[in-house]
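In what follows, a structure is listed as structure tokens, so that the remarks can point back to it.
Derivation of every value follows stated rules applied to the coordinates shown; laboratory data play no part. Keep in mind that what you see is a predicted model, and the values were worked out from it rather than measured. In this analysis, Cβ positions are derived from the backbone assuming ideal geometry, glycine residues included, and neighbour counts consider all displayed protein chains.
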Amino acid sequence: MGGSKMEDNVMKEVTHDALTGLRDWGAFFQDVKKSVTMSRRSHIVFVQLLQLKRINRKYNIHVGDRLLGEVADYLDKLDTNYTAYRTNNSRFMLMGPECSREEADGMLVRIRSRFQENWEIAYEGQKYDVQAKACLIHFFLEPMDTELDLLDKMNHAVSVFRAKERKGILFFNEELNADMLRKRYILNEVRYAVEHKTFQAFYQPIYDCNEKRFVSAESLIRLYGRDGTFLSPGEFIPMAEENGLIDGISWIMLEKVCAFLGEHPDLPIDAISVNMTGQQILDATFTRRIEENLEKYGVEGSRLRIEITERTITDDFAEVRKVMEYLSEKGIQFYLDDFGTGYSNLSSMLSLPFEVIKFDQSLIRMMDGTDKGQRTIGLLADIMHENDYSIVAEGIETAGQVQNAFERNLDRIQGYYYARPMPGEELAEFLAKYPGVEKTRENMSEDA
Ligand code: C2E
Ligand code: MG
Ligand code: MG
């Protein structure tokens with residue numbers, strides 16, 4: 001077959017990196033394929049130079065280039081059983097035969113010690129003593145691994161390395177492999193669910209301590225994988241945020257909530273909130289899409305609330321404020337979600353027109369133990385009230401916590417104590433059964 005012959009030819013050609021003379025990315029992948037086809041297990045070492053840009057800036061780009069040359073030379077001569085590659089700007093790979101885990105570790109320790117010393121670079125008659133840091137990851141390429149596995153392993157390992165590797169070397173072990181497979185599984189399920197809109201919306205009622213009735217509800221996404229297992233939003237939402245899937249999710253949820261509100265014009269609560277991200281607010285189509293959904297289902301803006309977690313509002317507060325003000329005029333108010341978990345700039349955050357601050361569960365738990373915790377929450381609540389915010393206490397589970405919330409003047413309560421998140425139709429029944437006034441948990445359980 002002509003096609004495969006051409007492929008054979010391409011396979012044979014070894015390509016090199018112009019700067020260092022090492023084999024390049026293409027050559028690396030050919031060797032990976034070869035190793036896999038021959039059912040070999042190979043040891044792969046990944047060396048990523050860190051802060052190369054900073055080095056280029058500190059000295060100059062030629063010094064940076066020479067450093068790459070030195071590192072290339074070092075890796076090339078390190079061990080005759082290994083082949084060295086430069087696979088992109090600051091990344092090098094080594095590929096060698098199967099060896100024991102001890103031998104593999106030994107090799108990495110050698111590389112790490114080299115990076116603990118400086119690199120002497122000569123350029124135009126000058127000598128530079130350059131310190132270079134590197135991210136060192138290694139693993140065994142299994143005979144059944146595909147190119148995709150290899151790329152996934154490297155990407156996953158780099159993110160783990162960045163997040164927590166302190167010793168400078170990361171071995172891609174079974175645990176990381178399991179993490180990676182789980183992540184892949186979840187992302188596949190989320191992608192499928194976005195495409196086929198198979199998410200469900202659940203609703204959790206929120207009780208108002210002054211009005212003594214349920215005044216609103218929060219919509220919470222629910223997802224079952226195609227194999228029927230439940231996937232927790234606490235796990236998949238952060239992954240969706242990292243992988244550009246959160247936008248699709250949010251719009252699906254917003255539409256579901258608007259449709260539900262449209263179908264239940266007499267629902268005895270004021271509003272339902274939807275979780276969205278700070279980045280989305282800055283999207284040029286944000287307000288238009290919200291207005292379109294409200295119009296499509298004949299829903300007043302005042303029946304919709306938007307919850308934003310502080311961690312997702314990272315920049316451009318002025319622009320965020322403009323959009324929030326515009327929507328507030330249409331009656332759509334905003335809740336600051338998960339207050340107490342971020343490290344954000346409090347004054348910038350509170351300069352935004354939020355109606356409600358939701359105290360995160362972790363903050364609420366502070367009231368459980370000590371007087372000090374209770375006083376702290378009480379003071380925080382006072383500050384918020386002075387600034388005209390209402391407070392929702394999240395994650396209230398016990399009668400003691402309800403009592404604390406009342407005593408510290410927290411305005412509203414959301415938690416398993418009153419109700420767990422439930423499907424829309426159940427919410428409608430629940431609210432019909434407990435329309436309000438003086439409905440506390442005590443007489444709710446008497447009813448039950
Ligand atoms: P969140 O927005 O802070 O939602 C409150 C979470 O606390 C929900 O978890 C809710 O089920 C849980 N919860 C409520 N009461 C209690 C309680 O008494 N005890 C305990 N232990 N937990 C309680 P869930 O549904 O697992 O959602 C987790 C997070 O995932 C949410 O935190 C939110 O950040 C995100 N999320 C959920 N649905 C959506 C969505 O539709 N869009 C986006 N962007 N994020 C969502
Ligand atoms: Mg929320
Ligand atoms: Mg929250």
- prompt: What is the one condition in (1) closer than 17 Å to Thr20 by Cβ; (2) surrounded by fewer than 18 Cβ atoms within 10 Å (Cβ to Cβ); (3) of a type outside the set (D, E, K, R) that Tyr82 does not satisfy?
  reply: (2)
Among the residues listed as Ala240, Ala271, the single one being closer than 25 Å to Glu189 by Cβ, away from ligand 3 (no atom under 16 Å from the Cβ) and of a type in the set (Gly, Ala, Ser): Ala240
Which numbered condition Glu295 misses (of (1) touching a strand residue (DSSP E or B) at 6+ places or on another chain (Cβ under 9 Å); (2) in a helix (DSSP H, G or I); (3) not β-branched (Val, Ile, Thr)): (1)
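Can you tell which of Thr287, Thr314 is surrounded by fewer than 22 Cβ atoms within 10 Å (Cβ to Cβ), β-branched (Val, Ile, Thr), more than 16 Å from ligand 3 (Cβ to nearest atom) and in a helix (DSSP H, G or I)? Give the steps one after another, and end with the answer.
Working: Thr314 fails: in a helix (DSSP H, G or I).
Criteria check complete, one pass: Thr287.
I'd like the residue in region 202-247 that is in a strand (DSSP E or B), among the charged types (D, E, K, R) and in contact with a Ser or Thr (Cβ under 9 Å, 6 or more places away or on another chain) and, out of all such residues, is surrounded by the fewest Cβ atoms within 10 Å (Cβ to Cβ).
Pass one, region 202-247, residues in a strand (DSSP E or B): 202-208, 213-224, 230-231.
Filter once more, so that each one left must be among the charged types (D, E, K, R): 208, 213, 218, 222.
If we keep only those that are in contact with a Ser or Thr (Cβ under 9 Å, 6 or more places away or on another chain) too, we end up with 208, 218.
Numbers: Asp208: 18, Glu218: 24.
It comes out as Asp208.
Going by the structure shown, is Arg305 within 16 Å of ligand 1 (Cβ to nearest atom), part of a helix (DSSP H, G or I), surrounded by 15 or more Cβ atoms within 10 Å (Cβ to Cβ) and within 24 Å of the chain's Cα centre (by Cα)?
Details: within 16 Å of ligand 1 (Cβ to nearest atom): yes; part of a helix (DSSP H, G or I): no; surrounded by 15 or more Cβ atoms within 10 Å (Cβ to Cβ): yes; within 24 Å of the chain's Cα centre (by Cα): yes.
So Arg305 fails the test.
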task: Report yes if some residue within region 369-387 is more than 15 Å from ligand 3 (Cβ to nearest atom) and closer than 23 Å to Leu220 by Cβ; otherwise report no.
output: no
message: Take the residues in region 322-375 that are in contact with a Gly (Cβ under 6 Å, 6 or more places away or on another chain) and more than 16 Å from ligand 2 (Cβ to nearest atom); name whichever of them is farthest from Ile413 (Cα to Cα).
response: Lys330
